[in-house]
1. Find the residue count for region 53-89, including only residues that are polar (S, T, N, Q) and out of contact with any helix residue (DSSP H, G or I) (no Cβ under 9 Å at 6 or more places or on another chain).
2. If you scan region 28-56, which residues turn out to be surrounded by fewer than 17 Cβ atoms within 10 Å (Cβ to Cβ) and under 10 Å from the mean Cα position of the chain (by Cα)?
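Computed from the coordinates by the stated procedures, all read-outs in this text should not be read as laboratory data. Quick caveat, the model's predicted, so the values are computed rather than measured. Note that we place each Cβ from the backbone using ideal geometry, even for glycine, and neighbour counts take in every protein chain shown.
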Amino acid sequence: MPRPLRFALAALVAAVVVYVVWTSLHTANFRVQVCVSYQGLSACRAAEGRTLAEATRAAHDNACSQITSGVTGTLGCQNTAATSVTRLR
């Protein structure tokens, strides 16, 4: 493989790696903590997201995963309103 082609390929790979790392580190604009109570159990979890709704949903789903098991419990918990939502950032 010619030397200029090898250099161009290495530069392209490096650019892609830098882009992936940069975009993955700079996506979260919102951070929230959500507390959920379901069938006598409760949990609080924090999450980050590009939008407030995305961060809230992720934190809600994470809290539900701590207190439920199985599809039925998970869906029931996810359809339950959060007991508290606190914006952390």
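1. 9
2. The answer is 28, 31, 46, 48, 50.
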